[in-house]
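Data block below; observations after.
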Amino acid sequence: MHRLVIIEDQTAIREMLVEILACDKSYKLVGQCGDGQAGLTMCLELKPDLLVLDAMLPGLNGVDLLRRLTKRLPGLRVLVFSGHENPIIVRQMLEAGARGFVEKTAGIQEFRKGLATIALGGTYFGPAVASVLRDVVAHPETTGSQDFLTEREREVLQLVAEGHSTKAIASKLGISAKTVDNHRTNLMRKLNIHDIASLTRHALESGLLDNEGRT
């Protein structure tokens with residue numbers, strides 16, 4: 001029986017997945033949550049075999065969460081189950097260590113096949129993601145990751161784009177307001193961006209924020 005954690009911020013979808021997997025004796029659900037930072041803490045404490053992960057999460061996005069987890073839990077097998085097939089997101093998730101990526105529009109049977117496949121050590125991609133992957137391979141220059149930003153800078157970028165104040169960001173990250181300002185200044189310099197609206201637009205285009213302003 002595989003020990004499983006679900007990190008999905010949409011409550012209805014998370015509860016649906018919990019109900020589905022509760023009927024499958026191949027899995028034991030050991031944890032669930034809807035927040036990236038809480039999900040990181042949960043996985044490090046519970047050390048599951050499998051993780052079902054949404055790409056868009058509040059606080060800490062799926063890509064940075066996955067990067068941290070694969071460093072600490074190299075045996076963890078991750079299935080991304082997301083409504084976003086942005087080529088940048090797909091590429092970054094795979095680079096971060098995801099074993100599979102199934103789009104939510106593919107349906108539950110596709111999700112089941114994807115999870116079963118990675119549980120056995122394989123890789124699995126839903127039909128829409130497989131199409132995106134072909135474009136990623138054919139045109140890698142258009143889907144490059146943003147490795148020139150540090151992990152902390154990506155966190156600050158996401159939180160700024162979500163509309164958090166400097167004080168709130170400092171509190172969430174456990175750093176000083178001055179340090180937050182320094183990170184924001186570095187972000188703008190590296191990205192050649194000079195206002196918050198442009199930073200938010202960049203976060204949308206980079207897959208850190210969705211089109212409704214919800215990660």
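The table that follows gives values for the structure above.
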read-out	value
Backbone HN-Hα couplings from phi across segment 183-194 [Karplus 6.51/-1.76/1.60, Hz, Gly and Pro as x]	5, 5, 4, 5, 4, 5, 5, 5, 8, 6, 10, 10
For Y27, distant residues with modelled amide H under 5 Å away	H2
Global form of segment 1-79, assessed from the alpha-carbon gyration tensor, a/c cut-off 1.5	oblate
Sulfur and carbon atoms: percent of accessible area, the chain [1.4 Å]	52 percent
Cα gyration tensor shape of segment 20-145, rounded if a/c is under 1.5, else prolate or oblate by comparing a/b with b/c	oblate
Of K47/K178; K71/K178; K113/K172; K104/K178; K47/K190; K28/K104, pairs whose Cα-Cα distance is over 31 Å	K47/K178; K113/K172; K104/K178; K47/K190
Other-chain or far-sequence residues with amide H under 5 Å of G100's (modelled H)	V78, V80, Y124
Assigned charges on the beta-carbon of Lys, Arg, Asp, Glu; segment 78-120 dipole about Cα centre (debye)	120 debye
Where the chain is the region considered: accessible area per residue in Å², 1.4 Å probe	46 Å²
Förster radius 45 Å - calculated FRET efficiency between S26 and R152, Cβ distance, rounded to 0.05	0.75
Using θ = phi - 60° and Karplus 6.51 cos²θ - 1.76 cosθ + 1.60, couplings along segment 30-46 (whole Hz; Gly, Pro as x)	10, x, 7, 6, x, 10, x, 5, 5, x, 4, 4, 4, 5, 5, 7, 8
Local electrostatic count at I108 - Lys and Arg +1, Asp and Glu -1, tallied over other residues with Cβ under 14 Å	-2
Listed peptides 22-32, 74-84, 111-121 by packing density, highest first (mean Cβ within 10 Å)	74-84, 111-121, 22-32
Hydrodynamic radius by Kirkwood, which averages 1/r over all alpha carbon pairs of the chain, in angstrom	17.6 Å
Residue-count net charge about G34 - beta-carbon cut-off 10 Å; Lys, Arg +1, Asp, Glu -1	-3
For segment 36-128, with +1 on Lys and Arg beta carbons and -1 on Asp and Glu, the positive-most of F111, G122, S82 along the dipole	G122
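The values are calculated or read from the model by the stated rules, or taken from the named source; none is laboratory data. No experiment lies behind these values; they were computed from the predicted model shown. FYI the Cβ positions are ideal-geometry reconstructions off the backbone, even for glycines, and counts take in every protein chain you see. In case anyone asks, the SASA skips ligands and DNA or RNA and just uses the protein heavy atoms, side chains included. Shrake-Rupley method; radii C 1.70, N 1.55, O 1.52, S 1.80 Å.
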